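The values are calculated or read from the model by the stated rules, or taken from the named source; none is laboratory data. Model, not experiment: these values are computed from the prediction. Ideal geometry is used to build each Cβ from the backbone, glycine not excepted, and the neighbour counts take in all protein chains shown.
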Amino acid sequence: MAIDFNQNYFQLFELENSFDVNYESLEKKYLSFQKSFHPDKFVNASDQEKRISLQIISYINEAYKTLKNDYLKSMYLLKINGYEIDDQNTTISDPDFLMHQMELREELEEIEKSESTELKKIFLEKINKHKIDCLNDFKEYFNKHFYDEASKKVKEMKFYISIENEIVRMD
């Protein structure tokens, strides 16, 4: 039973440190890890081996979840490159983006009042497009090692995700 907890998540899954993950390889490696380290395999093992199995599978699950999620993966890529973002404090000081946020919030309020399923759908598509644009900008900035700019895109992405979640909760 051996996993190097000092490896980053990309190394763990034998993937390139890149935003564009080969999801097929990720999935295969994840299933292989599950077969090897799942706690059910250690039912008759010692308590220490059970604990180690749980630690390993927790680490694997966290890595897998991170690499499958664009937002988490973006934050993680910045982190392993020495640029950590405080996920709780993602204040954006760009006045244009703040105005954009206010406009989107107002639009969302109007949609809530209207209770129109079609308007919700259109708005959700709009938010998704903004999110995709953020991801594309993030990749470009990250690949050029412009981590300040890349981190701004992660913060913007978090805003779009929160709006998206609000829309989904409306149903």
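Looking at region 49-73 only, could you name the residues that are among the polar types (S, T, N, Q) and more than 9 Å from TYR9 (Cβ to Cβ)?
As a first pass, look at region 49-73 and keep what is among the polar types (S, T, N, Q): 53, 55, 58, 61, 66, 69.
Of everything in region 49-73, those that are among the polar types (S, T, N, Q) and more than 9 Å from TYR9 (Cβ to Cβ) turn out to be SER53, GLN55, SER58, ASN61, ASN69.
Give the residues of region 1-10 that are surrounded by 14 or more Cβ atoms within 10 Å (Cβ to Cβ) and of a type outside the set (Ser, Thr, Tyr), sorted by residue number.
ILE3, ASN8, PHE10, listed by residue number.
Just checking, does region 79-88 include any residue being outside the structural domain of HIS145 (by TED's automatic domain parsing), in a helix (DSSP H, G or I), surrounded by 12 or more Cβ atoms within 10 Å (Cβ to Cβ) and not small (Gly, Ala, Ser)?
The initial filter retains those residues of region 79-88 that are outside the structural domain of HIS145 (by TED's automatic domain parsing), namely 79-88.
Within this subset, residues satisfying the condition of being in a helix (DSSP H, G or I) are 79-80.
The next check asks that each one be surrounded by 12 or more Cβ atoms within 10 Å (Cβ to Cβ); those that pass are 79-80.
Cutting the leftovers down to not small (Gly, Ala, Ser) gives us 79-80.
So far as region 79-88 goes, yes, one or more of its residues are outside the structural domain of HIS145 (by TED's automatic domain parsing), in a helix (DSSP H, G or I), surrounded by 12 or more Cβ atoms within 10 Å (Cβ to Cβ) and not small (Gly, Ala, Ser).
In the list ILE167, ILE92, ILE132, ILE127, which residue meets the criterion of being modelled with pLDDT of 95 or more and more than 29 Å from LYS28 (Cβ to Cβ)? It would help to see each step written out before you state the result.
Numbers: ILE167 fails: modelled with pLDDT of 95 or more; ILE92 fails: modelled with pLDDT of 95 or more; ILE132 fails: more than 29 Å from LYS28 (Cβ to Cβ).
Being modelled with pLDDT of 95 or more and more than 29 Å from LYS28 (Cβ to Cβ) holds for just one of ILE167, ILE92, ILE132, ILE127, which is ILE127.
Restricting region 16-44 to residues that are among the aromatic types (Phe, Trp, Tyr) and in contact (Cβ under 8 Å) with a residue 12 or more places away in the chain, which is surrounded by the fewest Cβ atoms within 10 Å (Cβ to Cβ)?
So, considering only residues that are among the aromatic types (Phe, Trp, Tyr) and in contact (Cβ under 8 Å) with a residue 12 or more places away in the chain, the one surrounded by the fewest Cβ atoms within 10 Å (Cβ to Cβ) is TYR23.
Quick test for you: out of PHE123, PHE138, PHE159, pick the one residue that is assigned by TED's automatic domain parsing to the domain that holds GLU106, surrounded by 15 or more Cβ atoms within 10 Å (Cβ to Cβ) and more than 15 Å from the chain's Cα centre (by Cα).
Working: PHE138 fails: more than 15 Å from the chain's Cα centre (by Cα); PHE159 fails: more than 15 Å from the chain's Cα centre (by Cα).
When all the criteria are applied, what remains is PHE123.
Failed condition for GLN55, given (1) farther than 30 Å from ILE122 by Cα; (2) not in a helix (DSSP H, G or I), with all others met?
(2)
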